[in-house]
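The values are calculated or read from the model by the stated rules, or taken from the named source; none is laboratory data. Just so you know, these numbers come straight off a predicted model, no measurement behind them. Note: ideal-geometry Cβ built from the backbone for every residue, glycine included; neighbour counts use all protein chains shown. To get the accessible areas, we keep the full protein, side chains included, count just its heavy atoms, and leave off ligands, DNA and RNA. Shrake-Rupley method; radii C 1.70, N 1.55, O 1.52, S 1.80 Å.
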Amino acid sequence: MSNQSTGLQEFKNLVGIKFQLYNSLFTSLPFHRIEKTGIFLSLLLTYCEEGYHKKQSPVQIIDEFFSKHSPDGTEREKSDILFRFVQYVERQVVLFDALEDSAFTMVNDMGGPGSLKQLSSEVIQYNKEKELKEKLNDYAVRLVLTAHPTQFYPGPVLGIINDLSRAVIENNAAEINTFMQQLGKTPFLKKQKPTPYDEALSLLWYLENIFYHAAGKILSSLKSQFPNAVSDQNPIIQMGFWPGGDRDGNPFVKTETTLKVAESLRTALLRCYYFDVRRLKRRLTFKEVDLIIADWEEKLYQELFYPNTATPLRDADMLRSMLKIREILIFQNNSLFLNLVDNFISKIRIFGLHFATLDLRQESTVHEKVLNTINEREEIFPENYETLSEAAKIKCLTHLKAIPKTPFTDEMTEDTLASVRAVKIIQEKNGEAGCNRYIISQCNSARNVIEVYALFLLGGWKKDSISLDIVPLFETVTDLQRAAEIMATLYTNTDYRAHLKRRNETQTIMVGFSDGTKDGGYLMANWGIYKAKEELTRISQEHRIKVVFFDGRGGPPARGGGKTHKFYASLGKNIANKEIQLTIQGQTVSSNFGTVDSAQFNIEQLVHAGIANDLFSARKVTLSEDEEALLSEMADVSHHAYAALRDHDQFTEYLSQVSPLQFYGETNIGSRPTKRKNAGKLELKDLRAIPFVGAFSQLKQNVTGYYGVGAALQEMEKRGKWKQVKNLYNNSPYFKTLLDNSEMAMKKCFFPLTETFSKHPQFGKIWRLIFNEYELSKKYIFKISGKQELMSDYPIEQLSIQMRERIVLPLSTIQQYAIMKFRESEDSGSAMKKIYERLIIRCSFGIINAARNSA
């Protein structure tokens with residue numbers, strides 16, 4: 001029996017059957033008329049399934065349900081029943097999440113493909129010990145936790161999921177029942193938007209409770225399996241952090257927030273160290289080591305509880321003490337409890353005193369405005385600056401000097417300069433790794449990078465002491481195409497090149513999947529990033545610069561999510577693979593890294609992917625020139641098809657009127673506004689990718705995960721290139737992963753939900769365009785793969801999606817019903833308008849949470 005078949009059976013037993021069993025506990029939840037709610041919800045699900053089969057609309061389905069089961073109810077009474085259904089389904093989704101988390105180690109092959117155990121076998125089998133040692137000298141995986149608004153679970157509910165999972169593993173029925181009761185009383189809707197600091201605290205929970213333990217275990221395991229290959233100077237796993245430092249489009253992030261978050265990161269880490277040291281103290285009761293560990297317990301205690309009077313800590317001192325303890329254990333105590341000390345040493349090497357590197361990020365146009373404001377007061381530019389060439393402007397920017405610290409009346413200017421100065425404060429306390437990167441969103445020129453360099457000079461930094469990497473972020477199709485040219489300009493600039501020399505001849509470049517997909521469609525965005533990385537690798541090698549790529553990935557395939565590790569394992573030899581760096585956003589944090597086991601599994605998959613690409617498969621998976629030409633051709637066709645949809649005169653209106661997009665900001669899941677500009681009319685260019693993708697996921701159309709794929713494959717067949725496309729699918733892991741991810745997006749589609757719009761006078765054409773492309777993409781994916789079902793290569797995930805989509809079908813129906821009723825009330829002025837608006841927002845939580853990676 002294959003591992004996949006075994007895992008599928010375990011999933012059916014541990015998730016499917018248990019869901020049915022524990023679902024019965026919902027009848028004891030402290031809700032009004034809960035028994036009838038559960039019975040009526042089951043009936044509504046039947047009405048939905050049968051109604052959509054009969055091509056009924058959500059309004060017809062809900063009206064028919066009420067005509068049979070509440071014929072005399074008022075509109076308000078009916079809405080109350082719908083709210084009770086929403087409450088019930090929300091908690092069913094939580095139960096399903098907890099069951100999946102609890103079954104993780106049984107359903108997934110923890111020592112199978114992509115694990116460190118498999119890596120060990122491969123290294124020995126192919127005699128790659130020497131190559132592994134070289135690779136691990138500077139190879140790293142950096143996971144950057146971001147505050148992107150895709151986490152619809154409030155913190156307390158995430159805590160309940162964690163506790164409920166543990167109770168399920170322990171099969172503790174009493175605790176399960178208690179946690180279900182707690183769940184019933186815990187609100188899902190936040191009455192206020194979180195502040196950036198609130199967002200930081202919610203992600204700190206994952207650092208303390210998940211990543212701290214998982215990362216330590218992985219590094220200890222690597223060192224134990226490959227003692228001669230893992231360098232003490234390179235901990236391999238790194239953590240990054242955006243809440244409190246990411247200012248792009250978020251006016252609520254101030255320098256005060258940045259400093260407060262940096263301090264919280266340090267304090268949280270010291271707390272983890274303190275508890276670890278106390279645990280070690282209970283075991284290390286031997287002569288000499290007991291005194292060393294007691295000394296560190298006292299030092300950490302003083303730093304945590306009396307920080308103003310405590311002697312400043314240095315992680316190097318702690319590491320030195322632990323290494324001394326290690327030596328004493330080996331030579332005097334038969335290596336007793338050595339594994340515990342080694343695990344703690346691994347944590348110190350990974351986390352230092354910073355826990356995670358706090359990145360700063362801001363949009364390029366803000367820097368330009370700030371410099372202009374500074375110039376108005378300080379006259380830092382020549383009078384003819386605006387008419388100068390780009391090269392002359394860059395030269396001018398690199399020769400600026402520090403300005404007086406007299407505050408600016410313009411809030412943005414003052415805060416930008418304050419954030420530049422704050423980097424020094426953070427580095428002095430948390431170490432350089434505490435804050436050493438500045439990311440530039442919407443970067444479209446070399447000058448955008450030099451403007452940040454100039455701001456650091458103006459903020460009091462000396463050229464030879466800027467201990468920070470300036471990271472351009474390329475996102476749109478056009479910016480990606482120009483990226484290599486921009487970097488070539490920077491590499492040949494004397495001042496910037498000198499800066500890179502001080503930064504170990506290394507340049508980090510960020511690429512964004514989300515805005516790329518919104519701009520160019522699924523295939524073009526992914527292929528555009530692939531080609532940009534190839535060109536950037538080539539140009540960097542020409543200038544003898546080590547380039548590191550940092551991927552801005554979201555949860556769904558449309559935003560760079562899905563089978564992420566498979567992409568990294570299939571990049572080939574033409575793309576720099578020095579490190580894997582990626583953002584872990586919102587839902588993805590809880591769904592892929594919600595437990596220590598799932599975090600360890602998924603981090604191992606990423607660690608393995610980068611190593612395997614270099615050691616075992618780089619030449620084998622590298623695309624040939626002909627294959628690249630074929631992919632470019634498909635990307636162009638796909639882009640043309642997507643652009644025709646994107647530029648349709650009814651496209652934004654369709655999204656605004658039919659989806660819950662306009663209500664996204666009212667969910668209070670993030671501190672950041674949903675649009676970059678607060679203009680009245682919806683403009684696609686100002687709309688952020690998260691609500692854009694999230695709106696389509698709630699419509700069950702997932703446009704950005706497949707649109708244009710079918711058109712591209714069909715066109716290749718028309719051009720007589722089907723055989724080449726089929727060969728590419730069979731031989732290129734990169735292309736197959738692209739289509740696998742599309743299948744995931746399509747599996748979560750359900751067009752009967754919105755089929756009523758197929759004949760709509762205003763939106764009928766748009767709906768049919770989307771539906772026809774979905775059908776075309778499905779047809780050609782089946783043709784190229786020989787499969788009959790979407791995601792049949794991944795039966796466990798396929799079943800999980802099927803079960804989740806069935807749980808949430810009543811919610812999707814209620815949401816569409818509420819949207820239609822809301823539009824009617826807008827015209828009629830009905831008092832029910834506010835109630836329908838609340839219903840739309842409440843449905844968003846269950847729908848997004850059920851999909852786990854849909855925003």
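Odds and ends about this structure:
- Residue that is least open to solvent (accessible area, probe 1.4 Å) [pool: residues in the stretch 751-772 that are under 24 Å from H53 (Cβ atoms) and not in a helix (DSSP H, G or I)]: F763
- Counted residues, the stretch 773-797 - those being surrounded by fewer than 18 Cβ atoms within 10 Å (Cβ to Cβ) and polar (S, T, N, Q): 2
- Of all residues in the stretch 345-366, none satisfies being surrounded by fewer than 13 Cβ atoms within 10 Å (Cβ to Cβ), at pLDDT 95 or above and of a type outside the set (S, T, N, Q).
- Any hit, the stretch 511-523, residues being among the polar types (S, T, N, Q) and open to solvent by 10 Å² or more (accessible area, probe 1.4 Å): yes
- Members of the stretch 592-603 found to be open to solvent by 20 Å² or more (accessible area, probe 1.4 Å) and in a helix (DSSP H, G or I), listed by number: N592, V596, D597, Q600, F601, N602
Here is a yes/no grid of residues against (1) modelled with pLDDT under 80; (2) open to solvent by 90 Å² or more (accessible area, probe 1.4 Å):
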| position | (1), (2) |
| --- | --- |
| G7 | no, no |
| F19 | no, no |
| F26 | yes, no |
| P30 | yes, no |
| E35 | yes, yes |
| S42 | no, no |
| L45 | no, no |
| C48 | no, no |
| G51 | no, no |
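- Hey, M744 open to solvent by less than 10 Å² (accessible area, probe 1.4 Å) and of a type outside the set (K, R) or not: no
Every residue, every condition in (1) open to solvent by 10 Å² or more (accessible area, probe 1.4 Å); (2) among the charged types (D, E, K, R); (3) in contact (Cβ under 8 Å) with a residue 12 or more places away in the chain, yes or no:
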{"site": "T105", "(1), (2), (3)": "yes, no, yes"}
{"site": "N108", "(1), (2), (3)": "yes, no, yes"}
{"site": "L116", "(1), (2), (3)": "no, no, yes"}
{"site": "I124", "(1), (2), (3)": "yes, no, no"}
{"site": "I160", "(1), (2), (3)": "no, no, yes"}
{"site": "D163", "(1), (2), (3)": "yes, yes, yes"}
{"site": "Q181", "(1), (2), (3)": "yes, no, yes"}
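- Lone qualifier among Q87, Q92 - being within 23 Å of T46 (Cα to Cα), polar (S, T, N, Q) and open to solvent by 30 Å² or more (accessible area, probe 1.4 Å): Q87
- Helices (runs of 4 or more DSSP H) within the stretch 490-556 that include 1 or more residues in contact (Cβ under 8 Å) with a residue 40 or more places away in the chain and over 27 Å from the mean Cα position of the chain (by Cα): 494-502, 522-542
- Pick from the stretch 534-563, criterion touching a strand residue (DSSP E or B) at 6+ places or on another chain (Cβ under 6 Å) and of a type in the set (D, E, K, R), ranking: modelled with the lowest pLDDT: R553
- Listing of helices (runs of 4 or more DSSP H) fully contained in the stretch 669-750 that carry 2 or more residues being under 30 Å from F252 (Cα atoms), modelled with pLDDT under 95 and in contact with a Phe, Trp or Tyr (Cβ under 7 Å, 6 or more places away or on another chain): 689-698
- Check on R279, over 30 Å from M412 (Cα atoms), surrounded by fewer than 17 Cβ atoms within 10 Å (Cβ to Cβ) and within 36 Å of the chain's Cα centre (by Cα): yes
- Every pair of residues 6+ apart whose Cβ atoms lie under 8 Å, when the first sits in the stretch 214-242 and is over 30 Å from Y197 (Cβ atoms) while the second is part of a loop (DSSP other than H, G, I, E, B) and of a type in the set (D, E, K, R): N234/D138
- Matching residues in the stretch 212-232 - criterion: being closer than 26 Å to R266 by Cα and among the polar types (S, T, N, Q): S220, S221, S231
- With respect to (1) part of a helix (DSSP H, G or I); (2) under 27 Å from N137 (Cα atoms); (3) among the acidic types (D, E), the lone exception for E256 is condition (2).
- Test: residue in the stretch 767-780 that is in contact with a Phe, Trp or Tyr (Cβ under 6 Å, 6 or more places away or on another chain) and either of a type in the set (V, I, T) or under 30 Å from P187 (Cβ atoms) (or both): no
- Exactly one residue among A215, A167 is open to solvent by less than 10 Å² (accessible area, probe 1.4 Å), touching a strand residue (DSSP E or B) at 6+ places or on another chain (Cβ under 6 Å), on the phi < 0 side of the Ramachandran plot and in a helix (DSSP H, G or I), and that residue is A215.
- In the stretch 467-481, residue least open to solvent (accessible area, probe 1.4 Å) [restricted to those that are farther than 15 Å from M510 by Cβ and assigned to a helix (DSSP H, G or I)]: V477
- Cβ pairs under 8 Å, 6+ apart, first in the stretch 387-413 and touching a residue at least 60 places away in the same chain (Cβ under 8 Å) and closer than 19 Å to G460 by Cα, second open to solvent by less than 20 Å² (accessible area, probe 1.4 Å) and among the aromatic types (F, W, Y): T398/Y453; T398/Y496
- Test result for S202, in contact with a Gly (Cβ under 6 Å, 6 or more places away or on another chain), open to solvent by 10 Å² or more (accessible area, probe 1.4 Å), not charged (D, E, K, R) and not in a loop (DSSP other than H, G, I, E, B): yes
- Subset of the stretch 786-813 that is among the acidic types (D, E) and at pLDDT below 95 - its residue that is nearest to the chain's Cα centre (by Cα): E797
- Check on L189, assigned to a helix (DSSP H, G or I) and touching a residue at least 12 places away in the same chain (Cβ under 8 Å): no
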